[in-house]
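In what follows, a structure is listed as structure tokens, so that the remarks can point back to it.
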Amino acid sequence: MADWSKLPYDIIHKVATYLMAVEDFLAFSAVCRSWRSVYVAKQWHQSPQVPWLMLSGIENDSFRSFISLYRNKVYNSELPEVHGRRCWGSSSGWLVTVGNDLDIRLHNPFTRVSVNLPPKSSLRIHFGEILGWYEIIEKAFVFKKPCTSHANEEDLLVMIIYGPLKQLAFCRPGYSSWRTVKDISHTGYIDVTHVKDQIFALCGLGYLVVIDIDSLAVTDINGPQAPEHVALSLPLWHWEHLILVESSGDLWMVYQNHTSIRRRSSVESIEFYVYTFDFSKKRWIRLSSLGDHAIFVGDNCSMSIRAPERFNCKSNSIYFIGKRMEERWPCGEVHVDLGVYSITNGISEPLRFGPDIPKYYSFPLWVTPTF
């Protein structure tokens with residue numbers, strides 16, 4: 001039998017460069033001590049990953065389940081750091097979490113590293129007395145410098161949409177307080193994304209703005225308030241959503257709508273339109289195809305993946321987690337939309353991974369495994 005531990009370092013390193021999925025890297029690191037040393041050194045570039053689906057916590061249980069679409073397999077991990085806390089995922093591998101202690105933290109469920117963020121007391125929350133701890137943050141985002149292949153704490157920018165007025169704030173690990181971004185539309189913020197070296201945000205009336213983190217300047221892009229192909233009455237109804245997505249350097253916007261209102265939500269009733277922003281014409285243009293991309297949307301930072309077939313996912317499709325479950329809390333059983341929408345034929349198919357009962361503090365979310 002061959003002794004894999006005696007292979008030269010350069011050859012082992014070469015093997016690592018051909019790996020794609022996180023599951024492959026984990027298997028690689030388990031071969032022997034010398035292979036693990038190559039893995040730990042991380043002197044190789046981890047290719048873009050398809051996000052895993054992280055399921056909600058179960059009461060009195062510190063385990064969380066992660067579903068890999070690549071292997072169609074469930075991985076269970078004990079994560080006491082996020083037990084009883086609401087979480088938001090990201091494409092950089094980090095979770096933003098908040099609990100009834102009102103502490104806001106970053107946690108990487110794959111490396112088990114935790115980072116404290118500034119306290120809730122530094123947020124400018126109006127009418128705070130009517131908010132439960134799980135309602136303080138509506139959406140959270142974690143961005144990293146585009147030049148870094150590994151998301152170290154010092155490279156991270158954390159942004160949140162919070163409070164009843166949907167204000168926007170940001171921080172970096174080490175900040176003592178959150179810094180609030182001016183709302184030039186006075187209608188609150190809907191979504192945020194990072195494209196190349198710029199931060200773009202969508203305001204409540206459809207205004208697209210660019211945010212300078214250093215100067216706190218907010219600039220209106222002067223685009224139309226809404227895509228012309230969708231008859232939107234802004235502000236949106238609760239069954240409508242606008243989502244910003246970075247895709248290979250382009251700025252995309254996803255419009256999500258339930259085509260019919262039903263007591264029990266159904267993936268068949270969901271439709272999507274996708275737009276790209278033309279910066280020269282200052283307007284949104286509807287896309288008839290996503291090409292070789294797939295989009296993952298949910299109650300957290302959304303993301304676009306190129307050539308997802310290598311991870312057992314479909315191109316020209318949108319993988320989505322519905323939000324109608326939020327309306328059913330605090331009832332007992334909660335029904336969740338988990339599906340794949342085909343841009344080609346406009347048909348949704350459900351994702352079935354077995355029973356799960358989400359809790360109010362943490363809905364199913366996408367998080368990209370990153371080491």
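The values are calculated or read from the model by the stated rules, or taken from the named source; none is laboratory data. Given the structure is predicted, the values throughout are model-derived calculations rather than measurements. Ideal geometry is used to build each Cβ from the backbone, glycine not excepted, and the neighbour counts take in all protein chains shown. Accessible surface areas use protein heavy atoms only, side chains included; no ligands, DNA or RNA. Shrake-Rupley method; radii C 1.70, N 1.55, O 1.52, S 1.80 Å.
Looking at this model, which pairs from Lys73/Lys314; Lys139/Lys182; Lys196/Lys282; Lys166/Lys282; Lys166/Lys281; Lys120/Lys182 are more than 20 angstrom apart at the alpha-carbon?
Lys166/Lys282; Lys166/Lys281
Exactly which trypsin sites (Lys or Arg not before Pro) in region 268-312 are in a DSSP loop and have at most 16 other Cβ atoms within 10 Å?
Counting only loop positions with at most 16 other Cβ atoms within 10 Å, the trypsin sites (Lys or Arg not before Pro) in region 268-312 are Lys281, Lys282.
Going by accessible area, probe 1.4 Å, with all protein chains left in place, what is the ranking of His186, His258, His241, largest first?
Descending order: His186, His241, His258.
When all protein chains stay in place, what accessible area (Å², nearest 10, 1.4 Å probe) is found for Asp155?
20
If you rank Leu165, Leu290, Leu205, Leu338 by how much accessible surface each has, with a 1.4 Å probe, what is the order from largest down?
Largest accessible area first, the list is Leu165, Leu205, Leu338, Leu290.
Using a basic spin-label model with each label point 7 Å from the Cα along Cα→Cβ, how many nm lie between Thr187 and Ser248?
Those two pseudo-labels are separated by 3.2 nm.
Let me know the shape class of region 77-136, please: from the alpha-carbon gyration tensor, a ≥ b ≥ c as square roots of the eigenvalues, rounded when a/c is under 1.5, otherwise prolate if a/b is greater than b/c, or oblate.
prolate
Could you pull the accessible area for Met159 with a 1.4 Å probe, rounded to 10 Å²?
0
Would you kindly find the accessible area of Tyr255, with a 1.4 Å probe and non-protein molecules such as ligands, DNA and RNA excluded, rounding to the nearest 10 Å²?
10
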